[in-house]
Ligand code: B12
């Protein structure tokens, strides 16, 4: 029953029907389905079916934007923003780096972390490494998070750790995620951890913060 309900969510998302997708997501929540499953089996599944529409040969911007809007609406429903961060929780700075305009995965990650009570400073997409490092310093970040969906952005990701070290911030952990980055190792990307999903990243950060406070 849940599977066919999840299919309905995937279909409404793929139709860019954001009111329909919202209604399906609310129905799934009411039936007790965890937000984590709705993201991975619903939202991510819908977006991966868009793969072939995002190639240079057949690029349908309007269609993809409509689906993106529906995905964002469901993400906002699952992880409403504005929840006050718990006292004493860590601060993370997150961005999609310069040259990459994909931000849906970054936004989901931000919302998952806010939902856990962390403070998240979001620098948006197409963000120069220098801005990211400035923000890490200004906000006294406990970790820096980068999202990357296109392969050319890997060169930017590799610059983050040296740029932090230059400011004496070499101790700050760098976590990467997103379709283009999760195909590489932490070593190849010059980061501390490569997350498979937003939830995997959140678990890594939970563990990191837990150890720091021991
Ligand atoms: C939607 C989309 C777009 C939208 C983006 C809208 C938006 N606001 O983000 C638009 C239409 C703008 C777009 C544009 C382009 N796109 Co596009 N796009 C996609 C598509 C279909 C889905 C991406 C997506 O949002 N996935 C859903 C999210 C939720 O998944 P996710 O990002 O992986 O995030 C999850 C986890 O990875 C994790 N996560 C993500 N980031 C982070 C960060 C951290 C720290 C952590 C812990 C976790 C984490 O959290 C999420 C939940 O678990 C993909 C295909 C695909 N299957 O990935 C192509 C894809 C990424 N695009 C691609 C391309 C080529 C382009 C264009 C160059 C196309 C063109 N001809 O111009 C342009 C890029 C322009 C640029 N300079 O960036 C290629 C990239 C190939 C490559 N490896 O380089 C892909 C793979 C399509 C393909 N098969 O060719 N695209």
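Quick notes
- Shape of the range 91-212, Cα gyration tensor, a/c cut at 1.5: rounded
- Rounded FRET efficiency, nearest 0.05, which uses the C-beta distance separating residue 150 from residue 37 and R0 of 25 Å: 0.35
- For the chain, DSSP calls about 5 percent of its internal beta bridges antiparallel.
- Angle between the chain longest axis and helix 18-30 axis [Cα atoms, degrees, rounded to 10]: 80
- The packing ranking, built from the mean of other Cβ atoms within 10 Å per residue, places the peptides 189-198, 204-213, 90-99 in the order 90-99, 189-198, 204-213, highest first.
- 0 to 90° range, to nearest 10: angle between helix 2-14 axis and the chain longest Cα axis: 80
- Counting only alpha carbon atoms, the long axis of helix 129-138 and the longest principal axis of the chain meet at about 70°.
- The Cα atoms of the range 142-186 define a convex hull whose projected area, averaged across directions, is 2.9 nm².
- Pairs of Cα atoms farther than 27 Å apart, the chain, %: 32
A short reminder: the numbers here are calculations on the coordinates, not readings from a lab. None of the values given here were measured: they were computed from a predicted structure. No Cβ is skipped: glycine too gets one built from the backbone with ideal geometry, and neighbour counts run over all protein chains shown.
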